[in-house]
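So the structure is just underneath, and the comments pick up after that.
The values are calculated or read from the model by the stated rules, or taken from the named source; none is laboratory data. Nothing here was measured: the structure is a model prediction, and the numbers come from that model. Ideal geometry is used to build each Cβ from the backbone, glycine not excepted, and the neighbour counts take in all protein chains shown.
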Amino acid sequence: MTARRIAVWITYGFSFVLFFSAPAIAQQNELSLTFGGSFSTGTTFASVCEALPTCTLTTNGVAVSPGFSINADFAHRLMNVKAASLFLEMPVLASPSRSGPGFLGNNDFSSVFFTPSVRFQFAPGAGISPFLSGGAGFAHFSGEGSATPWATQFGGGLDFKTHLPHLGFRVEARDFINGKPAITNLGGISSGHLQQIFAGGGVVLKF
């Protein structure tokens with residue numbers, strides 16, 4: 001299943017829960033959907049030698065193009081005190097189309113990250129509540145081939161309350177780092193990992 005289809009199903013699923021779920025009294029669960037962009041920094045690739053063995057291999061910076069992304073996150077509250085709350089969350093980040101530094105053919109690729117995490121929410125009862133999140137899981141890349149390397153994510157953001165008790169807004173930034181994807185589209189990368197930074201905003205449903 002491509003990242004584009006996964007993103008569509010995430011949107012449909014969130015819409016279903018938003019309109020048809022029955023609100024619970026304790027509001028121990030959250031479902032968020034944020035939209036934004038992903039971009040990569042510090043990516044390098046190895047130059048190609050045309051006159052071996054006289055040339056010296058060097059590494060150069062290379063641009064992996066930014067792309068539209070959707071982050072869907074289900075979270076369950078494990079602990080709640082006045083100053084902070086602890087959540088177990090299941091974020092899924094889908095990037096339907098980005099372009100890598102491949103040398104041949106179509107360089108477009110898609111990616112999906114699943115990184116179970118813990119989230120610390122500070123001042124959960126306030127109108128603006130900051131949070132920090134961190135976890136690990138895997139990523140799946142599709143393009144000229146497919147690969148599923150390890151992945152980690154660290155990030156944070158702000159939650160904003162509204163006059164509706166079950167609805168809020170969120171802005172967030174998450175840093176995803178994964179092992180080098182073994183696909184042709186990203187074959188020129190010389191580093192052992194790829195970094196993708198997601199920044200976006202959206203809505204939070206509490207139930």
Residues that are out of contact with any helix residue (DSSP H, G or I) (no Cβ under 7 Å at 6 or more places or on another chain), farther than 30 Å from Asn80 by Cα and not in a strand (DSSP E or B), drawn from segment 106-149: Asn106, Thr148, Pro149
Single match in Asp159, Asp175 (criterion: under 18 Å from Ser38 (Cα atoms), in contact with a strand residue (DSSP E or B) (Cβ under 9 Å, 6 or more places away or on another chain), part of a strand (DSSP E or B) and not aliphatic (A, V, I, L, M)): Asp175
Residue within segment 162-171 that is charged (D, E, K, R), out of contact with any helix residue (DSSP H, G or I) (no Cβ under 8 Å at 6 or more places or on another chain), buried (at least 17 other Cβ atoms within 10 Å of the Cβ) and part of a strand (DSSP E or B) present: yes
Counted residues, segment 83-100 - those being in contact (Cβ under 8 Å) with a residue 40 or more places away in the chain, assigned to a strand (DSSP E or B) and closer than 17 Å to Phe113 by Cβ: 9
Residue check, Ala199 at pLDDT 95 or above, of a type outside the set (Asp, Glu) and touching a strand residue (DSSP E or B) at 6+ places or on another chain (Cβ under 6 Å): yes
Pick from segment 67-103, criterion within 17 Å of Phe176 (Cβ to Cβ) and over 13 Å from the mean Cα position of the chain (by Cα), ranking: modelled with the lowest pLDDT: Gly100
Flag if Gly127 is touching a Phe, Trp or Tyr at 6+ places or on another chain (Cβ under 9 Å), small (Gly, Ala, Ser) and closer than 28 Å to Ser99 by Cα: no
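Do the conditions hold for Thr152, that is, is it free of Cβ contacts under 8 Å to residues at least 24 places away in the same chain and more than 17 Å from Val64 (Cβ to Cβ)? Give the steps one after another, and end with the answer.
Working: free of Cβ contacts under 8 Å to residues at least 24 places away in the same chain: no; more than 17 Å from Val64 (Cβ to Cβ): yes.
Against the criterion (free of Cβ contacts under 8 Å to residues at least 24 places away in the same chain and more than 17 Å from Val64 (Cβ to Cβ)), Thr152 does not qualify.
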Segment 172-194, residues that are touching a residue at least 60 places away in the same chain (Cβ under 8 Å) and surrounded by fewer than 16 Cβ atoms within 10 Å (Cβ to Cβ): Ser190, Ser191
